[in-house]
Amino acid sequence: MKTGQMSNRKILKQFLLIGLCVTAGWFLKARFTPPSMMGAMGGAGEPMVLVETVKKQDITPSQNFIGKVDAINSVSLQPQVSGYMEKVTFTEGSMVNKGDVLFVIEKQKYQATADLRKAELDSAKASLTRIEKDYHRQKSLNQQKYASEAKLDEAYSSLLQAQAAVKQAEANYSLAKIDLNHAEIKAPFSGKIGKAKVTEGNYVSSATGILASVVQVNPIRITFSVTDKQITNFLQNRAGNTHLNVRVELPNGEVIRKTSTDEFVDNSIDTATATLAVYAEFDNSDGVLVPGSYVNLDVDAGITKNALTISQASVGQDEHGNYVMIVNKDNMVEQRRVELGEVFGTRQIVKSGLKDGDKVIIQGLQKVSDGKKVRVEEIKTEGK
């Protein structure tokens, strides 16, 4: 008997504990549930929708493209003379300026060769001067009948040979100076240099290949393609605009705004892709645009204008065209046919069908129909 009484008491305590937990749960739920949610639970017959109020705002329509970042100038440095690499003067991955000496290949040897060729040229010029005087003397004597025609012809032949020797010496000296100039490999423009593929002490020649690469990083070019369907609108919107205003989304998601410093459109459509290439140059002093990377572009496609805009999420479409669902002052749903304009970002320009102050449903469209009463929650929206 005692065992049965103890079991009953234990069961009773468990029921009391469960009851307390349920009561506490209902209390906490009532305590922390927002009033709007309580209202929604109480009025199950009227669906809740999210709306935004339509208003005019200044917007600039844009077109979206994928762009490739390219260096305007890039060069692969290669040796033009042979010899041992005497010096590598740069730090890999650093910025170099136009005219900076980057590699030196046995400069003393090529300097000595140039000096030798210069001495040969001076000697040839001296010989030419002597032979010219001899020729003029023989010519004068011939005119006075003191020298034969054979002597004059011999003097003239020597003059021609001396003149040719000077020209040959000049050419040899020019070639020596070219080799001497190539003994120092200089940066042809300012930019960023990559890895040195040959170090000091190695023998190099024209067959060695690339020593290092330099790419120009400022200014920089972004190339994007306009489809054949976009070409006319793009060119019309470009008319009168001197430069492109763009929003550039970097690979890390950061968005920056830039204005081109120069741009041009290719002269023909690529028949393989039915696109026309556009090349735009931008200041890149901050170095955020890296050659070879891809970026998303929003290119301003017209003049700024005051227009009604709505979220693209609010637009529906059927066999009769585009429509939106609005909520009137009595919280009744109405369907409105709309004529749409350009898209910019997630926003859509509305040419007709709506007016300032209309409340457009942007969430909950699947729960409503024309003439149905709803409960409304409004959000604040900002244009792009």
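Cβ crowding within 10 Å, taken as a proxy for footprinting-reagent exposure, orders GLU200, GLU52 from fewest neighbours to most as GLU200, GLU52. Using a cut-off of 17 Å between alpha-carbon atoms, which aspartates and glutamates can reach LYS197, once sequence neighbours fewer than 8 places away in the same chain are excluded? Cα-Cα hits under 17 Å: GLU86, GLU92, GLU184. Show me the GluC sites (Glu not before Pro) within segment 80-130 that DSSP assigns to loop and that have at most 11 other Cβ atoms within 10 Å of their Cβ. Here the sparse-neighbourhood loop sites are GLU92.
Ranking of HIS182, HIS136 by neighbouring Cβ atoms within 10 Å, starting from the fewest: HIS136, HIS182.
Loop-located GluC sites (Glu not before Pro) in segment 277-384 (DSSP state not H, G, I, E or B) with no more than 12 neighbouring Cβ atoms inside 10 Å: GLU319, GLU382.
Go through LYS118/LYS195; LYS107/LYS167; LYS109/LYS186; LYS125/LYS151; LYS186/LYS258; LYS305/LYS380 and tell me which ones have a Cα-Cα distance over 27 Å in this structure. Pairs exceeding 27 Å: LYS118/LYS195; LYS186/LYS258. Listing ASP70, ASP58, ASP228 from fewest to most neighbouring C-beta atoms within 10 Å gives ASP58, ASP228, ASP70.
Treating each Cα of segment 81-213 as one equal point scatterer and applying the Debye formula with no solvent, the log10 of I(q)/I(0) at q = 0.19 Å⁻¹ comes out as -1.00.
Local charge for GLY201 was computed over the other residues whose Cβ lies under 13 Å away, with Lys and Arg +1 and Asp and Glu -1, and equals -2. The string of couplings for segment 95-105 from the Karplus curve (6.51, -1.76, 1.60, θ = phi - 60°) is 8, 10, 9, 3, x, 5, 6, 10, 10, 10, 10 Hz, one whole number per residue in order, with x for Gly and Pro. The mean of 1/r over all distinct Cα pairs in segment 218-327, once inverted, gives the Kirkwood hydrodynamic radius of 16.5 Å.
Just so you know, all these numbers are worked out from the coordinates, no wet-lab data involved. All values derive from a computational prediction rather than experimental measurement. Using ideal geometry, Cβ is built from the backbone for each residue, glycine included, and neighbour counts are taken over all protein chains shown.
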